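First the structure, in the form of structure tokens, and then the observations on it.
The values are calculated or read from the model by the stated rules, or taken from the named source; none is laboratory data. Bear in mind the structure is a predicted one, so any value in this text is a computation, not a measurement. Using ideal geometry, Cβ is built from the backbone for each residue, glycine included, and neighbour counts are taken over all protein chains shown.
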Amino acid sequence: MMRSVVPVLLFALIVASGYLFWRRFRIVVTRVLNSRSDEDFHIGSVLPRLRRFFWEVLCQAKVIRERPLPGIAHAFVFWAFCGFAIVTLNHLATGFHLSFLDYHRGFGPFYFWLAFVFAVLCAVSIAYLAFRRFILRPKSLGPTSPQSGIIAGFIFVLIVSYMPQWWVP
């Protein structure tokens, strides 16, 4: 009985989340669609833009180059979230009894251990970035906001809560 209720409840929560997201995002979409057109706008060469996207966004090269230690910390957080996207999709699929990564067979064990390594790197990075923002407080970061502390706390708890599954059955 409970096994059949979980997918229905999960689906209802996904629909509710999608609706709440769309309520806010619709305002942004409407604003963009109603904006003045720019006659000089053109997409330009796609290959250099893809190369720049790969180097600056996926590799985080610009952030690392500008501030090496905070940059690599930010990169580890970004890369961990990229890796956790697949873990999250697998957890979501598991709620519908459609898991595509097995913890014990195939590619699953390697991927989950890789995610664990990035979880450790992300947790250390978040701790460092929070220490830097709230204790060292460089002027370049501007005034501190409680929201950044709350977000750092959420990220830290989320990432650290992934780790015990390797030791606790």
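General remarks:
- Applying the set (1) outside any helix (DSSP H, G or I); (2) closer than 30 Å to LEU9 by Cα; (3) modelled with pLDDT under 90 to LEU101 leaves exactly one unmet item: (3).
- The set of residues in segment 1-39 that are within 18 Å of HIS97 (Cα to Cα) and not in a helix (DSSP H, G or I) contains only MET1.
- Per the listing SER125, SER140, the residue uniquely in the same structural domain as ALA80 (by TED's automatic domain parsing), exposed (fewer than 11 other Cβ atoms within 10 Å of the Cβ) and either β-branched (Val, Ile, Thr) or not in a loop (DSSP other than H, G, I, E, B) (or both) is SER140.
- Each residue in segment 42-97 was checked for being loosely packed, with under 14 Cβ neighbours inside 10 Å and among the polar types (S, T, N, Q), and 2 pass.
- Put simply, of ALA115, ALA119, ALA93, ALA85 the only residue that is assigned to a helix (DSSP H, G or I), small (Gly, Ala, Ser), over 17 Å from the mean Cα position of the chain (by Cα) and within 30 Å of PRO7 (Cβ to Cβ) is ALA93.
- Sole residue being outside the structural domain of ILE159 (by TED's automatic domain parsing), modelled with pLDDT of 90 or more and out of contact with any Pro (no Cβ under 9 Å at 6 or more places or on another chain), chosen from ARG51, ARG31: ARG31
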